[in-house]
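Colleague: The structure is given below, and queries will be raised subsequently.
The values are calculated or read from the model by the stated rules, or taken from the named source; none is laboratory data. The structure presented is a predicted model; accordingly, all values stated were derived computationally and were not measured. Cβ atoms come from the backbone with ideal geometry, glycine included; neighbour counts cover every protein chain shown.
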Amino acid sequence: MPCCDGSPERSAGAPRAGPGKARAPRQGDTPTDRYHNRVSTLGKSIEEVQEAFRRLAEVAGDDGRPLVDSRGVDARMCLAWREAIGKIDEELVVWGRTFQRAFGSTVRATAPRQSTDIATELDQFAGADDGRANPVDGWDRRDADNDLTA
């Protein structure tokens with residue numbers, strides 16, 4: 001019996017990739033084969049990004065703490081990465097809903113947990129290290145209204 005994508009259903013013992021996992025490439029050259037192979041490539045790439053992220057967070061400094069916790073990562077790089085991920089995220093929501101409409105999937109695509117709105121979060125860093133302002137300038141200035149020692 002065919003599956004939702006027109007491919008034959010796998011036997012009970014056949015390995016099946018879980019949600020978000022890459023599948024083995026298809027050997028054909030039909031548009032559907034190319035589509036599935038590129039979906040697989042995207043899945044593998046996402047897994048590689050997750051692994052790179054995890055491995056970066058594991059790099060310990062001389063004090064044993066992760067260097068990203070003490071050094072951070074260039075704010076411009078983080079902003080560019082978050083913008084790219086955000087655009088992909090928006091399109092993935094559309095693609096997931098399209099799949100649900102096309103195949104009647106009962107799985108609901110939910111937005112990832114976020115404690116704050118990304119746009120609001122990005123605004124607070126606007127201008128940080130953008131060549132126009134030095135975030136270190138003025139760190140030692142005293143604000144007379146808030147300085148309790150004055």
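Colleague: Surrounded by 11 or more Cβ atoms within 10 Å (Cβ to Cβ), of a type outside the set (S, T, Y) and outside any helix (DSSP H, G or I): does that describe V73?
Modeller: So V73 passes the test.
Colleague: Tell me yes or no: at least one residue of region 52-62 is among the aromatic types (F, W, Y), modelled with pLDDT of 60 or more, in a helix (DSSP H, G or I) and assigned by TED's automatic domain parsing to the domain that holds V39.
Modeller: yes
Colleague: Just wondering, is there one or more residues in region 15-34 that are under 25 Å from L92 (Cβ atoms), of a type in the set (D, E), surrounded by 12 or more Cβ atoms within 10 Å (Cβ to Cβ) and modelled with pLDDT of 95 or more?
Modeller: no
Colleague: In this structure, is L92 closer than 30 Å to H36 by Cα, at pLDDT 95 or above and surrounded by 10 or more Cβ atoms within 10 Å (Cβ to Cβ)?
Modeller: In short, yes.
Colleague: Count, please, the residues in region 95-124 that happen to be part of a loop (DSSP other than H, G, I, E, B) and modelled with pLDDT under 85.
Modeller: Of the residues in region 95-124, 14 are part of a loop (DSSP other than H, G, I, E, B) and modelled with pLDDT under 85.
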